[in-house]
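This report refers to the structure that appears directly beneath it.
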Amino acid sequence: MNNLSKTFNSNSESSQPVLSDINFSVRKGECFTIIGPNGSGKSTLLSIMGLLIPPTEGQVIYRDKDITALSKYEKVMVRRNFSFVRQKPVVLDTSVYNNISYGLKVRDFKRSEIDKRVKAIIDKVGLNGFEDQNARSLSGGEMQRVAIAMNFVLEPEIYFLDEVSANLDPKNVALLENFINEIKNTKNKTIVMSTHDKMEAIKFSDRIAVLRDGKISQIGDVNEIFTSPKDEYAAVFVGYENVFSGTAKYNETLQLTEIQIDNISLNVAAQADGEVKALIKPESIGLSKEKASETSYQNSIHATITEIRELGNTYHILAKSGSIELLASITKLSFQELKLERGSNIYLNFKATDIKLL
């Protein structure tokens, strides 16, 4: 992608760009994932890459050609190397068999190969016996399986998956994950996907791009994104759910940075001065009834529990210190041992190395 931008209703004076100055490359054979909040431009970007809509400016280079500059017929021919699965299933008003076989027919596959592929994928997605039913008469989950089968039966070079798992039931999520794993185990097949699901991004991605307000803020491998996020959205996405703005001052004597956040002061094992954002993962915060020793924890904050959320074998504890509210995640055993309840006074303990700065 070279200098891509997209503005809808670009002739209007009030129009704002959905995408601007997008530059990155997708490597052949990788799973490239785009994350970003709603409205960040993920679907628009995938649609431009898949030749479903044109960019306002810029190029999409595929096989050394700018495919956005091709004729309408040439674009159709290029799109035969792609498949595009959307969050909401799009099916034709005809039988399940005709839906799944349609893409193969327009690509001039032989009848024997079409039958072979369609029968195999119908079995794989669990739609045996539905071949003659109208796809639009099926349940939402069944329709989604038809849409998945329609795209994966093509065995294209590039798969575009746009928030596909967002509204799937567990059975269809497992089905989709099996397909993705099969693709990843096939040489020279490329996946470009968008997701809100952290575990999905961890499980499948080779590299991740963070899209904010129509711009790429960070690209890196999974380890880089999850250990060194460069903006607040990426930080929250990877688990830094406590995000606070404060003023930093480096203490050369202690070799620590002191951050003042309203009424509390934090010690951070990083060098910084000026306005910063401090990020802390809930699971990095330990709880105790007594103030922790400085040798164990460089930060021990007195707070009052405002909310308790039971999440299976873990508990999320919201606790307030002055105007600051922090979220801690502890085990069920720790919760029972501490005998916590709303209104309890508690100490939130975490190390200087547990804080990430932006």
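Laid out as a table, the results:
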quantity	calculated
Rounded to the nearest 20 debye, dipole of the chain from Cβ charges on Lys, Arg, Asp, Glu	1180
Sorted by Cβ density within 10 Å, fewest first, the residues 215, 356	215, 356
Charge dipole (debye, nearest 20) of segment 240-357; +1 at Cβ of Lys and Arg, -1 at Cβ of Asp and Glu	260
For 309, 63, 79, order by how many other beta-carbon atoms lie within 10 Å, fewest first	63, 309, 79
Per DSSP, loop GluC sites (Glu not before Pro) in segment 213-318 with at most 15 further Cβ within 10 Å	252, 290, 294
The chain, relative contact order [Cα under 8 Å, separation at least 6], %	15
Furthest towards positive pole of dipole, 181, 234, 323, structure part the chain, Cβ charges	181
Euclidean distance of C-alpha centroids, segment 93-157 and segment 282-298, integer Å	56
Magnitude of the charge dipole, segment 183-238, Cβ model with Lys/Arg +1 and Asp/Glu -1, debye to 20	300
Shape box of segment 240-357 [Cα atoms, principal axes, largest first, Å]	41, 26, 22
Among 314, 247, 295, residue whose mean-square fluctuation peaks in a GNM of the chain (springs only between Cα atoms under 10 Å)	295
Summed residue charge, Cβ within 11 Å of residue 164's Cβ, Lys/Arg positive, Asp/Glu negative	-3
Span-like helix ranges in the chain, DSSP H, alpha carbon extent 15 angstrom or more, Kyte mean at least -0.5	96-106, 140-152, 170-184
Prolate/oblate/rounded label for segment 84-148 (Cα gyration tensor, a/c 1.5)	prolate
Nearby lysines by direct alpha-carbon distance to residue 291 (threshold 21 angstrom, same-chain neighbours under 8 apart not counted)	281, 320, 339, 351
Length-normalised contact order for segment 161-207 - Cα pairs under 8 Å, 6+ apart - percent	52
Value of relative contact order over segment 1-86, rounded to a whole percent, pairs C-alpha under 8 Å and six or more apart	29
Out-of-range pairs (alpha-carbon distance over 25 Å; input 72/119; 6/184; 28/105; 203/277; 198/277)	72/119; 6/184; 28/105; 203/277
Among (1) 23.4; (2) 19.2; (3) 27.2, the entry derived from the coordinates for mean projected area of the Cα convex hull in nm²	(1)
The chain - share of DSSP beta bridges that are antiparallel (%, nearest 5)	75
Percent of beta bridges antiparallel (DSSP, segment 98-230, rounded to nearest 5)	55
Which of 250, 62 has the fewest Cβ neighbours within 10 Å, and the rest in rising order	250, 62
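Each value in this text was obtained by applying a stated rule to the coordinates, not by laboratory testing. Bear in mind that the values here come from a model prediction, so they are computed numbers and not experimental data. With ideal geometry, Cβ positions are generated from the backbone for all residues, glycine too; neighbour counts draw on all protein chains shown.
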